[in-house]
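Chemist: Quick one: the structure is below, and I'll ask about it shortly.
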Amino acid sequence: MLAVAGVMLAGCGTPGGGDQGQPTSDGSGSNPLASFDPCTALTPEEIRSFGGDPNGEPASGSSKEEGCDYEGEKFMFGVLKGMDSDEAYWERRKNSFDVFTPNQVGSHKGFTGIALSGKGQGVCRQMMYVGSGSVIVDVTYSSNTIPSSDEETCAQATEIAQVVEKKLPQ
């Protein structure tokens with residue numbers, strides 16, 4: 001059903017696997033994301049308001065990010081955190097994106113991104129920098145519901161991120 005899910009989920013996951021770059025944290029344990037749980041960032045009502053099933057599944061893929069994915073009729077979306085994926089980390093990787101547009105969600109700087117070869121595929125991520133890490137909302141549309149523009153796909157990711165952002169540590 002979600003033929004393009006692999007493109008988006010390549011950056012999602014739980015800790016424990018391969019290295020994706022050097023951490024940018026000083027290792028002091030003062031990361032404000034330490035106590036942030038991406039799987040409880042949205043209430044069941046908020047998840048339903050975006051068309052998702054509140055019974056999320058742990059995201060799988062990258063060892064750099066952990067969180068949960070929610071299946072919906074039109075698209076799947078995830079809320080993830082990367083403890084060591086700060087602004088400098090993403091800046092070093094911006095060549096891995098077809099679209100890398102700096103922006104701000106609430107009080108958090110970030111960017112919208114579409115991975116290489118992802119344009120027109122109904123996939124987009126909204127990143128928000130938090131301390132030495134980031135919180136990511138990704139959206140992956142089903143192949144039969146892909147919007148007519150990438151801007152619409154990224155707007156959906158940003159809309160969900162606006163709800164998550166209000167719950168982020170400063």
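The values are calculated or read from the model by the stated rules, or taken from the named source; none is laboratory data. Since the model is a prediction, treat every value here as computed from it, not as a measurement. In this analysis, Cβ positions are derived from the backbone assuming ideal geometry, glycine residues included, and neighbour counts consider all displayed protein chains. When the accessible area is computed, the model is the full protein with side chains, heavy atoms only, and any ligands, DNA or RNA have been set aside. Shrake-Rupley method; radii C 1.70, N 1.55, O 1.52, S 1.80 Å.
Chemist: One residue is enough: does the stretch 158-165 have a residue meeting the conditions assigned to a loop (DSSP other than H, G, I, E, B) and open to solvent by 10 Å² or more (accessible area, probe 1.4 Å)?
Modeler: No; the residues of the stretch 158-165 include none that is assigned to a loop (DSSP other than H, G, I, E, B) and open to solvent by 10 Å² or more (accessible area, probe 1.4 Å).
Chemist: Follow-up question, since we're still on this one. Tell me which residues, restricted to the stretch 155-170, are more than 21 Å from G56 (Cα to Cα) and modelled with pLDDT of 95 or more. Lay out the reasoning, then the answer.
Modeler: Looking only at the stretch 155-170, we keep the residues that are more than 21 Å from G56 (Cα to Cα), and these are 155, 169-170.
Result: A155, single match.
Chemist: Name the residues in the stretch 92-128 that are more than 14 Å from the chain's Cα centre (by Cα), on the phi < 0 side of the Ramachandran plot and small (G, A, S), would you?
Modeler: S96, S107, G118
Chemist: Taking the stretch 66-81 as the region of interest, how many residues are surrounded by fewer than 21 Cβ atoms within 10 Å (Cβ to Cβ) and among the small types (G, A, S)?
Modeler: Filtering the stretch 66-81 for residues surrounded by fewer than 21 Cβ atoms within 10 Å (Cβ to Cβ) gives 71-74.
In the following step, the residues that additionally are among the small types (G, A, S) were identified as 72.
The number of residues fulfilling the criteria is 1.
Chemist: Out of S143, S148, report the one residue that is of a type outside the set (V, I, T), farther than 10 Å from V105 by Cβ, touching a Leu at 6+ places or on another chain (Cβ under 8 Å) and in a loop (DSSP other than H, G, I, E, B).
Modeler: Numbers: S148 fails: touching a Leu at 6+ places or on another chain (Cβ under 8 Å).
From the options S143, S148, the qualifying one is S143.
Chemist: Something else now. Take the stretch 112-150 and flag every residue that is free of Cβ contacts under 8 Å to residues at least 24 places away in the same chain and either out of contact with any Ser or Thr (no Cβ under 9 Å at 6 or more places or on another chain) or buried (at least 24 other Cβ atoms within 10 Å of the Cβ) (or both). Outline the logic, then answer.
Modeler: Applying the first criterion (free of Cβ contacts under 8 Å to residues at least 24 places away in the same chain) to the stretch 112-150 yields 113, 116, 144, 148-149.
G113, N144, S148, S149, listed by residue number.
Chemist: Can you find, within the stretch 35-65, the residue that is surrounded by the fewest Cβ atoms within 10 Å (Cβ to Cβ) among those that are free of Cβ contacts under 8 Å to residues at least 40 places away in the same chain and within 19 Å of Q170 (Cα to Cα)?
Modeler: Residue satisfying both the conditions and the ranking: T40.
Chemist: Restricting attention to the stretch 32-85, which residues are among the aromatic types (F, W, Y) and either closer than 14 Å to R125 by Cα or assigned to a loop (DSSP other than H, G, I, E, B) (or both)?
Modeler: The answer is F36, F50, F75, F77.
Chemist: For N103, indicate whether it is in contact with a Gly (Cβ under 8 Å, 6 or more places away or on another chain), modelled with pLDDT of 65 or more, open to solvent by 40 Å² or more (accessible area, probe 1.4 Å) and closer than 20 Å to G131 by Cβ. Walk me through it before giving the result.
Modeler: Working: in contact with a Gly (Cβ under 8 Å, 6 or more places away or on another chain): yes; modelled with pLDDT of 65 or more: yes; open to solvent by 40 Å² or more (accessible area, probe 1.4 Å): yes; closer than 20 Å to G131 by Cβ: yes.
So N103 passes the test.
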